[in-house]
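Step one of this worksheet: look at the structure below.
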Amino acid sequence: MRQIRSILEGVGSTVQLLLRALSYVATLPRQSSRFIEQCYLIGYTTLPIVGILSFFIGSVLALQAGYSMQNFGVMQFIGSLVGLSLARELGPVMVAILVTGRVGSAITAELASMKVYQEVDALITMNIPPERMLVLPRLAAVAVMMPVLTVIANIVGWFGGAMICKYTAFISLSPKAYFASMVQYTKFKDVFDGMVKAEVFGLVVVLVCCNIGLNTRGGPREIGASVTRAVVVSLILILVLDYFVTKILI
Amino acid sequence: MASPASQPNPLPAAESPAVGVSVEALSKSYGKLDVFKDVTFAVEPGEIFVLMGPSGSGKSVLLRQVAGLETPTSGRVMIDGHDAGSAETREHVRRALVFQAGALFNSLSVYDNLALYPREHQMGTEDQIREKVMRALEILSLGKTAETFPSQLSGGMKKRVAIARALVMEPQLLLYDEPTSELDPVMSATIDEIIGSLRKEYHVTSVVVSHDCDLALSIADRVGFLMDGRLVHVGKPADLREPADPRIAEFLNPKIDVGNPRFKKIHTET
Ligand SMILES: Nc1ncnc2c1ncn2[C@@H]1O[C@H](COP(=O)(O)OP(=O)(O)OP(=O)(O)O)[C@@H](O)[C@H]1O
Ligand SMILES: [Mg+2]
């Protein structure tokens with residue numbers, strides 16, 4: 001019972017945080033330097049790890065597909081399989097998980113320490129709403145960067161798959177054939193659906209991480225506890241929402 | 001060091017009238033812990049009210065209530081006729097709190113800490129803001145620290161930055177939580193003069209929490225004593241010379257008995 005209540009409270013306060021942050025949307029042009037800084041932190045610094053992981057995920061997908069299909073003589077479909085799985089599912093989910101670990105945890109740690117060391121109180125007495133200065137630029141930045149990161153993850157993953165198909169002896173599918181089948185079955189809608197998913201995940205992760213950070217009470221130990229909580233809650237939400245968003249999009 | 005009276009003041013002439021604070025039957029508890037009960041007093045517009053009391057008596061908690069950072073358990077704090085925590089007060093009353101621990105923004109340089117408020121509230125061009133910020137830093141002898149970060153400052157320097165940050169806000173109501181507790185005597189005297197001159201020239205209302213009896217005597221219009229969860233005394237600073245309440249007398253002139261068995265015990269056990 002207590003758990004259900006705390007979940008409902010968490011949902012309520014997160015939605016409230018979103019609404020309050022959105023009410024300051026008009027101040028965004030004035031906060032462009034904060035927005036750009038957050039874009040850099042969220043997008044640019046996550047890029048290398050997104051690149052490396054999606055390359056290997058694309059490769060492994062191709063390898064597994066090739067291995068299971070080798071007795072059926074349907075190697076030419078590997079391209080469409082890798083293309084669809086990455087675009088619709090693995091790309092957005094992987095990017096969201098990486099953003100949680102790389103960015104969400106840092107957001108919670110920063111906001112929680114600002115709360116614990118009374119910096120948030122100082123903002124409030126200065127009549128600078130934390131939702132405006134701390135939450136809104138991060139939300140805007142993640143909204144812009146998630147689709148970009150997802151598209152990059154897709155492209156790198158697709159090429160990873162192509163390389164494996166070419167150089168693995170038991171597959172040896174030419175990139176031309178690989179990409180031909182990919183283009184035939186992976187439509188723009190699939191890529192777009194993936195971007196929508198990534199957008200939803202990104203916004204939810206940043207909101208949850210901001211909310212947990214800003215509601216931290218106590219001292220340094222609680223900052224650590226908040227970070228753990230924010231990451232766990234975000235990961236669970238990504239996977240749960242993945243099901244529901246997919247269901248709506250299909 | 002030149003006295004601040006001869007230095008240019010950080011604030012241009014205030015356009016806004018002074019505000020009054022009225023604390024009405026205020027009580028605050030955290031769970032089972034009653035910090036204080038039924039505290040009532042008023043601070044007149046332009047007055048300097050010094051709040052004294054032993055450590056842990058709830059002075060900081062009371063100040064946070066006036067700053068609108070916490071909701072009271074019962075009673076209320078009114079500023080200019082509106083609740084201290086209300087949106088009206090936040091929008092219309094410029095209120096600055098000098099936190100006991102400074103509460104500087106650790107990710108911003110000292111300069112940006114001071115410039116944040118005027119930038120966010122669009123109080124002028126970047127040049128005007130720079131001039132105001134540098135003037136506030138000069139007054140508190142912090143001119144050289146503008147580009148450093150809070151983590152590179154000493155405790156007393158942080159406190160001075162916090163005071164400078166409050167001055168830049170051009171507040172109508174200034175709340176200080178132990179402004180002089182970490183400062184040397186010269187700097188403490190400067191703070192006294194700043195508080196006094198803000199009142200004289202700009203009619204700024206101040207509530208100062210302090211243990212410092214000298215500060216109370218030199219700048220206060222009135223002094224309140226918070227003790228054992230109650231506001232036990234409010235009066236002129238002159239009353240402090242011969243307090244009627246024995247508890248206040250004991251607080252101001254503690255008799256330390258070195259032979260007290262309390263102290264012996266620590267000594268033998270360690
Ligand atoms: N957030 C809080 N939660 C629980 N108890 C608190 C909280 N803040 C303050 N207290 C308690 O309220 C009491 C008063 O604290 P406060 O900080 O106001 O003391 P103070 O008079 O400012 O003391 P000092 O002179 O040492 O700064 C203390 O017993 C403290 O433990
Ligand atoms: Mg205190």
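Readers should treat all values here as calculations from the given coordinates under stated rules, not as data from a laboratory. These numbers come from a predicted model, not from an experiment. A quick note on method: Cβ atoms are made from the backbone with ideal geometry, for glycine too, and the neighbour counts reach across all protein chains shown.
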*Is there a simple number for the mean count of other chain Cβ atoms within 10 Å of the Cβ of residues in B:95-104, and what is it?*
4
_Could you tell me the extents of the range A:25-117's C-alpha atoms along the three principal axes, largest first, rounded to whole Å?_
62, 29, 19
*Give me the distance in nm between label points sitting 7 Å out from Cα along the Cα-to-Cβ direction at residue B:247 and residue B:232, one decimal.*
0.4
*Go ahead and estimate [θ] at 222 nm for chain A from helices alone: -39,500 (n - 2.57) per DSSP H run with n ≥ 4, summed, over the residue count, rounded to 500.*
-25000 deg cm²/dmol
*Quick one: what does P(r) look like for the protein assembly as shown with 20 Å bins over all Cα pairs, in whole %?*
19, 41, 25, 12, 3, 0
_Restricting to DSSP loop positions (anything but H, G, I, E, B) with no more than 14 other Cβ atoms inside 10 Å of their own Cβ, which chymotrypsin sites (Phe, Trp or Tyr not before Pro) remain in the range A:61-139?_
A:72
*Give me the lysines in straight-line cross-link reach of residue A:166: C-alpha distance below 27 Å, same-chain residues under 8 apart excluded.*
A:176, A:187
*Other chains' Cβ within 10 Å of A:123-134 residues: what's the mean?*
5
*asked:* I'd like the distance separating the alpha-carbon centroids of the range A:37-114 and the range B:134-177, in whole Å.
replied: 47
*Check each of the chymotrypsin sites (Phe, Trp or Tyr not before Pro) in the range A:165-225 and keep only those in coil by DSSP with at most 10 other C-beta atoms within 10 angstrom; list them in order.*
A:170
*State the Kirkwood hydrodynamic radius of the range A:7-249 in Å, one decimal place, computed from all pairs of distinct Cα atoms.*
19.1
*Vicinal HN-Hα couplings computed from phi for the range B:55-69 (Karplus, 6.51 cos²θ - 1.76 cosθ + 1.60; Hz; Gly/Pro x)*: 4, x, 7, x, 5, 5, 4, 4, 5, 5, 5, 5, 6, x, 8
_Angle between chain B longest axis and helix B:155-168 axis [Cα atoms, degrees, rounded to 10]_ = 50
*asked:* Using 10 Å bins from zero, what percent of all Cα-Cα pairs in chain B falls into each bin?
replied: 7, 28, 34, 22, 8, 2, 0
*Per-residue ³J(HN,Hα) for the range A:226-242, Karplus 6.51 cos²θ - 1.76 cosθ + 1.60, θ = phi - 60°, Hz, x for Gly and Pro*: 5, 4, 4, 4, 4, 5, 4, 4, 4, 4, 4, 4, 4, 6, 5, 5, 3
_Positive minus negative residues near residue A:132 (Lys, Arg vs Asp, Glu; Cβ under 12 Å)_ = +2
*Treating cross-link reach as a plain straight distance, find the lysines whose alpha-carbon is under 18 Å from the alpha-carbon of residue B:37, omitting any fewer than eight places away in the same chain.*
B:28, B:59
*Sort A:39, A:209 so the one with the fewest other Cβ atoms within 10 Å of its own Cβ comes first.*
A:39, A:209
*What's the angle, to the nearest 10 degrees (0 to 90), between helix B:185-202's Cα axis and the longest principal axis of chain B?*
60
*Give me the aspartates and glutamates in straight-line cross-link reach of residue A:189: C-alpha distance below 20 Å, same-chain residues under 8 apart excluded.*
A:89, A:199, A:242
*Read phi for every residue in the range A:26-33 and hand back ³J(HN,Hα) as whole Hz from Karplus 6.51 cos²θ - 1.76 cosθ + 1.60, θ = phi - 60°, with x for Gly and Pro.*
5, 7, 4, x, 5, 9, 4, 5
*Over chain B, what is the relative contact order in whole percent, taking alpha-carbon pairs under 8 Å and six or more residues apart?*
26
*Specify the angular offset, from 0 to 90 degrees and rounded to the nearest 10, of the alpha carbon long axis of helix A:2-22 from the longest principal axis of the alpha carbons in chain A.*
90
*asked:* Given the DSSP H assignment, sum -39500 (n - 2.57) over each helix run of at least 4 residues in chain B and divide by its residue total; what's the result at 222 nm in deg cm²/dmol, nearest 500?
replied: -10500 deg cm²/dmol
*asked:* Cut-off 10 angstrom, C-alpha nodes, Gaussian network model of chain A. Which of A:208, A:196, A:183 fluctuates the most?
replied: A:183
*Partner chain Cβ atoms within 10 Å, averaged over the residues of A:107-118 - can you pull that number for me?*
2
